[in-house]
Amino acid sequence: MKLMKKFLSLMIVVVALFACQDLSAQKNKIVGKWQADAKESALFVEALRAEGMELDGVMMFEFKNNGTGEFICDVSTSGPMEEGVTLVMDIILKLDIKWTYKNDLLSVEYTAADVNFKRLTVEPADPEFDAFFAQLKPMMEQKMAEELLASTKDNDDSAHVEFVDNNNVILHAFIDDIDLAIERVK
């Protein structure tokens, strides 16, 4: 009887180890750096097109082993501000994240935000606008970062993950029920 109990205890430990190893292996599949073309995000494109603006850039995800990471959007956009004047903007939006991955479900929680206007100008050039923007830039970046983080609080940014292969993933219904294809960065 003692031998049977020891055997059962050993089997439970072995099954638990395999289960933990499987969950760890599953989590490790998503660990790393991933990117997507910002144009692939209908969320960004639709919002900007509604304002008559175009978009170019990349979205980057970094998922670290410790369940933290970053979501970065490095984008350029331009569009009409008024008749004959085009607004040109290069901006980096960075969100720190906590993430979990279990049973093919990736869940993301945003913990901090940072905004950096690399460029905000108008064409044709207007020195007064550039000077005005230079004065307001720090306040605008801080306010936009606060609003960006606040806007994520009610989001359920979870996605079912489909591995096309080891370097290509589809995040199904990631943000506002939009599928997003991401590729591992080498």
Please state which one of 94, 98 is open to solvent by 70 Å² or more (accessible area, probe 1.4 Å) and among the charged types (D, E, K, R). 98
For residue 113, the lone unmet condition from (1) modelled with pLDDT of 90 or more; (2) surrounded by fewer than 16 Cβ atoms within 10 Å (Cβ to Cβ) is (2)
Across (1) within 30 Å of residue 182 (Cβ to Cβ); (2) open to solvent by less than 80 Å² (accessible area, probe 1.4 Å), residue 131 clears everything bar (1)
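Name the single residue that is nearest to the chain's Cα centre (by Cα) among those in the stretch 70-83 being farther than 20 Å from residue 157 by Cα and open to solvent by less than 60 Å² (accessible area, probe 1.4 Å).
Filtering the stretch 70-83 for residues farther than 20 Å from residue 157 by Cα gives 75-83.
So of that shortlist, the ones also open to solvent by less than 60 Å² (accessible area, probe 1.4 Å) come out as 75-79.
Details: 75: 13, 76: 17, 77: 18, 78: 22, 79: 24 Å.
Here the residue is 75.
Tell me whether the stretch 39-54 contains one or more residues that are touching a Lys or Arg at 6+ places or on another chain (Cβ under 8 Å), modelled with pLDDT of 85 or more and surrounded by 13 or more Cβ atoms within 10 Å (Cβ to Cβ). Steps first, please.
In the first step, residues of the stretch 39-54 are kept if they are touching a Lys or Arg at 6+ places or on another chain (Cβ under 8 Å); the result is 45.
Checking the rest, the ones that are also modelled with pLDDT of 85 or more come to none.
So far as the stretch 39-54 goes, no, none of its residues is touching a Lys or Arg at 6+ places or on another chain (Cβ under 8 Å), modelled with pLDDT of 85 or more and surrounded by 13 or more Cβ atoms within 10 Å (Cβ to Cβ).
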For the stretch 119-170, enumerate the residues that are among the aliphatic types (A, V, I, L, M) and either in contact with a Cys (Cβ under 7 Å, 6 or more places away or on another chain) or under 25 Å from residue 99 (Cβ atoms) (or both). 144, 145, 148, 149, 150, 159, 161, 164, 169, 170
Condition broken by residue 125, with the remaining ones in (1) under 23 Å from the mean Cα position of the chain (by Cα); (2) of a type in the set (A, V, I, L, M); (3) modelled with pLDDT under 90 satisfied: (1)
Within the stretch 162-183, does at least one residue satisfy the condition of being open to solvent by less than 80 Å² (accessible area, probe 1.4 Å) and more than 26 Å from residue 32 (Cα to Cα)? no
Looking at 84, 57, 32, which is the one that is at pLDDT below 85 and at positive phi? 57
Assess whether residue 147 counts as being acidic (Asp, Glu), open to solvent by 90 Å² or more (accessible area, probe 1.4 Å), at pLDDT 85 or above and touching a strand residue (DSSP E or B) at 6+ places or on another chain (Cβ under 7 Å). no
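The values are calculated or read from the model by the stated rules, or taken from the named source; none is laboratory data. No experiment lies behind these values; they were computed from the predicted model shown. Counting neighbours? That spans all protein chains shown, and the Cβs are built from the backbone with ideal geometry, glycine included. Side chains included, ligands, DNA and RNA excluded: accessible areas come from the protein's heavy atoms. Shrake-Rupley method; radii C 1.70, N 1.55, O 1.52, S 1.80 Å.
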